[in-house]
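Trainee: Sending over a structure as structure tokens; questions will come in a sec.
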Amino acid sequence: DAGITQSPRHKVTETGTPVTLRCHQTENHRYMYWYRQDPGHGLRLIHYSYGVKDTDKGEVSDGYSVSRSKTEDFLLTLESATSSQTSVYFCASGTGVPNQPQHFGDGTRLSIL
Amino acid sequence: GQQLNQSPQSMFIQEGEDVSMNCTSSSIFNTWLWYKQDPGEGPVLLIALYKAGELTSNGRLTAQFGITRKDSFLNISASIPSDVGIYFCAGSMYSGGGADGLTFGKGTHLIIQP
């Protein structure tokens, strides 16, 4: 496995509160990603990072921000959580090099009441 | 945005049967990947395809990258109980591991009946 740790694994919070999810990788991978998984939608890309302090938006980026101050850590922040952001969030990392695809963490289950 | 149409949505099969699932896209992809997800875990990579027409095997699994670059299929031979799970196809415009992120199908839920 790629050595990806997500924290927390589960979180329940209220609408309007800020939430930060953390992804930590020990593989020195250049690229890191945040996806959300919802029934009937598969996994959808939220944001990704191609280096320290270098990030870009994915398909479903509205309402989310990210930061990457170190190679090994990628943070996903919901500034003011809404019920529509209840989901399972997966982090992935990769080298971006041919023949070395992304590997995923075990997910964070976030419930917003 | 890009979409991958994965079928079937679910499959109910008997142990020992062969399984086939596929993904199609209206856009060209340069990388096709197949992942399996077990409950409570993240997707795990099964097979990666990087070249149009490529046919790759991993044990009882075989996958092909369509010649048009718009489709891929995954076959599982002689299914066993541990094959139960959700299978996802994923594609990327990049020839590498998907540096700009992956587009996923909605998954095929494989259920094996005793």
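Trainee: As an exercise: evaluate A:Trp34 against (1) in a strand (DSSP E or B); (2) closer than 23 Å to A:Thr86 by Cα; (3) open to solvent by 10 Å² or more (accessible area, probe 1.4 Å) and give the number of the one condition it does not meet.
Mentor: (3)
Trainee: To continue, here is another question. Sort through B:Thr68, B:Thr62, B:Thr56 and tell me the only one that's surrounded by fewer than 24 Cβ atoms within 10 Å (Cβ to Cβ) and out of contact with any strand residue (DSSP E or B) (no Cβ under 6 Å at 6 or more places or on another chain).
Mentor: After applying the criteria, what remains is B:Thr68.
Trainee: Let me ask something else. Kindly check whether there is at least one residue in the stretch B:22-38 that is more than 28 Å from A:Ile46 (Cα to Cα) and open to solvent by less than 50 Å² (accessible area, probe 1.4 Å).
Mentor: No; the residues of the stretch B:22-38 include none that is more than 28 Å from A:Ile46 (Cα to Cα) and open to solvent by less than 50 Å² (accessible area, probe 1.4 Å).
Trainee: Considering every residue within the stretch A:72-87, establish whether at least one is part of a strand (DSSP E or B) and closer than 23 Å to B:Gln3 by Cα.
Mentor: Checked the stretch A:72-87: at least one residue is part of a strand (DSSP E or B) and closer than 23 Å to B:Gln3 by Cα.
Trainee: OK, next. Could you check, for the stretch B:106-113, whether at least one of its residues is open to solvent by less than 10 Å² (accessible area, probe 1.4 Å) and more than 14 Å from chain A (Cβ to nearest Cβ)?
Mentor: The answer is yes, given that some residue of the stretch B:106-113 is open to solvent by less than 10 Å² (accessible area, probe 1.4 Å) and more than 14 Å from chain A (Cβ to nearest Cβ).
Trainee: What is the number of the single condition among (1) within 11 Å of chain A (Cβ to nearest Cβ); (2) not in a strand (DSSP E or B) that B:Glu17 does not meet?
Mentor: (1)
Trainee: Condition first: modelled with pLDDT of 95 or more and part of a strand (DSSP E or B). Can you find one or more residues in the stretch B:88-101 that meet it?
Mentor: Looking for residues that are modelled with pLDDT of 95 or more and part of a strand (DSSP E or B), one finds at least one in the stretch B:88-101, hence yes.
Trainee: Now for a different question. Among the residues of the stretch A:37-60, write down those that are out of contact with any Phe, Trp or Tyr (no Cβ under 7 Å at 6 or more places or on another chain), open to solvent by 40 Å² or more (accessible area, probe 1.4 Å) and of a type in the set (D, E, K, R).
Mentor: Hits for the stretch A:37-60 are A:Lys53, A:Asp54, A:Lys57, A:Glu59.
Trainee: Take the residues in the stretch A:66-101 that are in contact with a Gly (Cβ under 8 Å, 6 or more places away or on another chain) and of a type in the set (A, V, I, L, M, F, W, C), then tell me which one is farthest from A:Leu21 (Cα to Cα).
Mentor: Filtering the stretch A:66-101 for residues that are in contact with a Gly (Cβ under 8 Å, 6 or more places away or on another chain) and of a type in the set (A, V, I, L, M, F, W, C), the one farthest from A:Leu21 (Cα to Cα) comes out as A:Val97.
Trainee: Could I ask something else about it? Starting from residues that are assigned to a strand (DSSP E or B) and farther than 25 Å from B:Gly107 by Cα, keep the ones in the stretch A:22-31 and report whichever is least open to solvent (accessible area, probe 1.4 Å).
Mentor: The selected residue is A:Gln25.
Trainee: Continuing with the same structure: Scanning the stretch B:39-49 for residues that are within 10 Å of chain A (Cβ to nearest Cβ), more than 12 Å from the chain's Cα centre (by Cα) and open to solvent by 10 Å² or more (accessible area, probe 1.4 Å), which turns out farthest from A:Asp106 (Cα to Cα)?
Mentor: Across the stretch B:39-49, the extreme among qualifying residues is B:Gly40.
Trainee: Taking the conditions exactly as written (within 11 Å of another protein chain (Cβ to nearest Cβ), aliphatic (A, V, I, L, M) and in a loop (DSSP other than H, G, I, E, B)), does B:Ala52 satisfy them or not?
Mentor: The answer is no for B:Ala52.
Trainee: Continuing with this model, one more query. Here is a list of conditions, (1) in a loop (DSSP other than H, G, I, E, B); (2) touching a Gly at 6+ places or on another chain (Cβ under 9 Å); (3) of a type outside the set (Ser, Thr, Tyr), and A:Gly63 meets all of them except one; can you say which number that is?
Mentor: A:Gly63 satisfies every listed condition except (2).
Trainee: Separate question: Filter the stretch A:81-105 for residues that are open to solvent by 10 Å² or more (accessible area, probe 1.4 Å) and modelled with pLDDT under 95 and give the result.
Mentor: Of everything in the stretch A:81-105, those that are open to solvent by 10 Å² or more (accessible area, probe 1.4 Å) and modelled with pLDDT under 95 turn out to be A:Thr95, A:Gly96, A:Val97, A:Pro98, A:Asn99, A:Gln100, A:Pro101, A:His103, A:Phe104.
Trainee: Can you name the residue in the stretch A:1-14 that is open to solvent by 80 Å² or more (accessible area, probe 1.4 Å) and part of a loop (DSSP other than H, G, I, E, B) and is also modelled with the lowest pLDDT among such residues?
Mentor: A:Asp1
The values are calculated or read from the model by the stated rules, or taken from the named source; none is laboratory data. Owing to the predicted nature of the structure, the values given are computational and were not obtained by experimental measurement. Counting neighbours? That spans all protein chains shown, and the Cβs are built from the backbone with ideal geometry, glycine included. Note: areas computed on protein heavy atoms with side chains; ligands, DNA, RNA excluded. Shrake-Rupley method; radii C 1.70, N 1.55, O 1.52, S 1.80 Å.
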